[in-house]
1. Check whether at least one residue in the stretch 45-59 is of a type in the set (D, E, K, R), under 18 Å from residue 2 (Cα atoms) and surrounded by 12 or more Cβ atoms within 10 Å (Cβ to Cβ), and report yes or no.
2. Within the stretch 7-24, how many residues turn out to be exposed (fewer than 14 other Cβ atoms within 10 Å of the Cβ) and assigned to a strand (DSSP E or B)?
3. One residue is enough: does the stretch 40-51 have a residue meeting the conditions outside any strand (DSSP E or B) and either of a type in the set (D, E, K, R) or touching a residue at least 40 places away in the same chain (Cβ under 8 Å) (or both)?
4. Which one is nearest to the chain's Cα centre (by Cα), of the residues in the stretch 62-76 that are assigned to a loop (DSSP other than H, G, I, E, B) and either acidic (Asp, Glu) or closer than 19 Å to residue 24 by Cβ (or both)?
5. When residues of the stretch 77-96 are filtered for being of a type in the set (S, T, N, Q), farther than 14 Å from residue 52 by Cβ and not in a loop (DSSP other than H, G, I, E, B), how many remain?
Amino acid sequence: MAKYTLTGQWQGGFQADVTVTAGGSPISSWTVAWRFSDGQTVTQSWNATITSSGSEVTARNVSYNGALGAGASTQFGFLGSSNGANSVPSVTCTAI
């Protein structure tokens, strides 16, 4: 599972963190995806590799935080730009 949290907002920008938590079994990698509905873009990220195609965003684990034990969590974050509205998107998480 993944939880998106808006941690800061300012004129023209914002910061968000996403917590990824393994379920009842260990995982070896994860991917989190979401769709921005207000034209936001990611400008910088840490603890994940983030790619965008239009409003679709995909974050993948990096080498040191993909493997998680059952119930364990990791976090990644990013800075973004926005033009006013900044709705929190729904996220989906896929784990292997």
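1. no
2. Keep residues of the stretch 7-24 that are exposed (fewer than 14 other Cβ atoms within 10 Å of the Cβ), which gives 7-12, 23-24.
Then drop every residue that is not assigned to a strand (DSSP E or B), which leaves 7-10.
Residues in the stretch 7-24 being exposed (fewer than 14 other Cβ atoms within 10 Å of the Cβ) and assigned to a strand (DSSP E or B): 4 in total.
3. Step one: of the stretch 40-51, the residues outside any strand (DSSP E or B) are 40, 47-48.
The next check asks that each one be either of a type in the set (D, E, K, R) or touching a residue at least 40 places away in the same chain (Cβ under 8 Å) (or both); those that pass are 40.
Checking the stretch 40-51: at least one residue is outside any strand (DSSP E or B) and either of a type in the set (D, E, K, R) or touching a residue at least 40 places away in the same chain (Cβ under 8 Å) (or both).
4. Out of the qualifying residues, it is 66.
5. The number of residues fulfilling the criteria is 2.
Yes/no per residue for (1) over 17 Å from residue 5 (Cα atoms); (2) free of Cβ contacts under 8 Å to residues at least 12 places away in the same chain; (3) of a type outside the set (A, V, I, L, M):
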{"residue": "21", "(1), (2), (3)": "no, no, yes"}
{"residue": "32", "(1), (2), (3)": "no, no, no"}
{"residue": "36", "(1), (2), (3)": "no, no, yes"}
{"residue": "76", "(1), (2), (3)": "no, no, yes"}
{"residue": "84", "(1), (2), (3)": "yes, no, yes"}
{"residue": "91", "(1), (2), (3)": "no, no, no"}
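Quick note: the coordinates plus some simple rules give every number you see, no bench work behind them. In this text the structure is predicted, and so the values were computed from the model without any measurement. Glycine gets a Cβ as well: all are built from the backbone with ideal geometry, and neighbour counts include every protein chain shown.
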